[in-house]
1. Go over the candidates Ile332, Ile369, Ile343 one by one and state the one that is β-branched (Val, Ile, Thr), over 21 Å from the mean Cα position of the chain (by Cα) and open to solvent by 30 Å² or more (accessible area, probe 1.4 Å).
2. Ile313 - would you say it is in a loop (DSSP other than H, G, I, E, B) and within 29 Å of Gly96 (Cα to Cα)?
3. Among the residues of region 222-270, count how many are on the phi > 0 side of the Ramachandran plot and open to solvent by 10 Å² or more (accessible area, probe 1.4 Å).
4. Looking at region 116-195, what helices (runs of 4 or more DSSP H) fall wholly within it and have at least 2 residues that are closer than 15 Å to Leu71 by Cα, of a type in the set (A, V, I, L, M) and in contact with a helix residue (DSSP H, G or I) (Cβ under 8 Å, 6 or more places away or on another chain)?
5. Of all the residues that make up region 82-99, how many are open to solvent by less than 10 Å² (accessible area, probe 1.4 Å) and either within 16 Å of the ligand (Cβ to nearest atom) or not basic (Lys, Arg) (or both)?
6. Six or more apart or on different chains, Cβ atoms under 7 Å: show the pairs whose first residue is in region 155-183 and in contact (Cβ under 8 Å) with a residue 40 or more places away in the chain and of a type in the set (A, V, I, L, M, F, W, C) and whose second is within 10 Å of the ligand (Cβ to nearest atom) and assigned to a loop (DSSP other than H, G, I, E, B).
7. Which residues, taken from region 103-115, are within 16 Å of the ligand (Cβ to nearest atom) and in a loop (DSSP other than H, G, I, E, B)?
Amino acid sequence: MRMVDLIEKKRDGFVLTKEEINFIIENYVNKSIPDYQMSSLLMAIFFRGMTNEESSAFTEAILNSGETIDLSSIDGIKVDKHSTGGVGDKTTLVLGPLVASCGAKVAKLSGRGLGHTGGTLDKLESIEGMSINIEIDDFIKQVNDIGIAVAGQTAKITPADKLLYALRDVTATVPSIPLIASSIMSKKLASGSDVIVLDVKIGEGAFMKTIEDARELSKIMVNIGASFGKKVVAFITDMSQPLGFTVGNRLEVKEAIETLQGNGPADLTELCVEIGSYMVYSGGITKTLEEAKELILEKLNNNEAYDKQMELIKYQGGVIENLDTFINVKEILEVKSTESGYIEKIDALAIGIGAMKLGAGRETKEDPIDPDVGIILKKKVGDKVEKGEILALLYNNKDNIENILDEVLEAFVVTKEKVEKKSIILEIITQ
Ligand code: URA
């Protein structure tokens, strides 16, 4: 087999076989296929797309490029969740303990944030003493002991995805739906859970910009899951504003804790209750989705979900002595509205970049993170605002941040017409 023939085949719109796809991934990982040929194939895939069978074969080849995690020694059905990347997305910190308190088993491998999207690991590491580098045997023991563990993904999982993602990033081939689907699903399948709930975000700063694209991505991922015998559900959710009120590591941890204390933002709470219900039902804990929702609400209201969150933090060495003194910054700056009206949109990309510039995120993988800084939104879409009212607070440790203040102000779009608050969940795609 010659790579040049396979590039030609895809370029001309033909379908690659499983053997051909295996050949490509194996030889790319062992460096027999150079980056320039792989780049060319990725661009051909970008324009020609892939069939469901090709996407499944591509996913399987990436999955087989590294180790997979065997969770069979954990009793019960293992449930997992993945978001395609959001701003203020602290869902895992709320949802994980919530579904674990209902009896589902959560063995979660998470990643770090890059650019305007934050990563669960960075949020967890902002808690003093919290360990996210857990050996696999300890990880499994922890899930058997308390029903939940959240750890960092090791380099041994899907090495082909790391190489491909880095190449896609510099060859303008990231936004290909089949490539995104196989990248996400290979990692989820390697992590070993039985049930996978996907949160596919739409909006500025999200990979998917339209409902049609989000639907197509969701359907491909659900299909790939089915071809591996996994139960996969995709939630298409709105990111026309950041999730919740906070963006920044400790600010988001605090908000995640408050949410399980029953004082969370409406959108985050709704998302966690709805996704959580699917996880609990698909995990076989209840017979119906309605019962699952009742159970989720019960655990939220009787504080058992909060207790599970505290148990998780403590088990992994984390200490939060006092939530009121958890966040310490040099100054808190106010961003005030220059007009009266209703909030129509809050550009999540701009808020994510603003928080990153304050030091809450990284521009490059090596950048350090300041755990205390970030942004608190004081208004959300649909809220009424008067001229001079506070729109956002910037938790800051840097000097000369006037440009960030301006960018955060510009992220808020104010209109004279009343704006209705909408559900964050736009569609649910099942098998
Ligand atoms: N997230 C991933 O893991 N991979 C992609 O290709 C896009 C988003």
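1. Selected residue: Ile332, the only one of Ile332, Ile369, Ile343 that is β-branched (Val, Ile, Thr), over 21 Å from the mean Cα position of the chain (by Cα) and open to solvent by 30 Å² or more (accessible area, probe 1.4 Å).
2. Working: in a loop (DSSP other than H, G, I, E, B): no; within 29 Å of Gly96 (Cα to Cα): yes.
Judged against the criteria, Ile313 is not a match.
3. Going through region 222-270 one residue at a time, the tally reaches 2.
4. It comes to 177-190.
5. 10
6. Leu179/Thr173; Ile180/Phe207
7. Of everything in region 103-115, those that are within 16 Å of the ligand (Cβ to nearest atom) and in a loop (DSSP other than H, G, I, E, B) turn out to be Gly111, Arg112, Gly113, Gly115.
Matching residues to (1) of a type in the set (Lys, Arg); (2) open to solvent by 40 Å² or more (accessible area, probe 1.4 Å):
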| site | (1), (2) |
| --- | --- |
| Ala305 | no, no |
| Tyr315 | no, yes |
| Ile320 | no, yes |
| Ala355 | no, no |
| Asp383 | no, no |
| Lys398 | yes, yes |
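The values are calculated or read from the model by the stated rules, or taken from the named source; none is laboratory data. Predicted model, so just to flag it, every value in this text is computed and none were measured. Backbone-built Cβ (ideal geometry, glycine too); neighbour counts: all protein chains shown. SASA here: full protein model, heavy atoms, side chains in, ligands and nucleic acids out. Shrake-Rupley method; radii C 1.70, N 1.55, O 1.52, S 1.80 Å.
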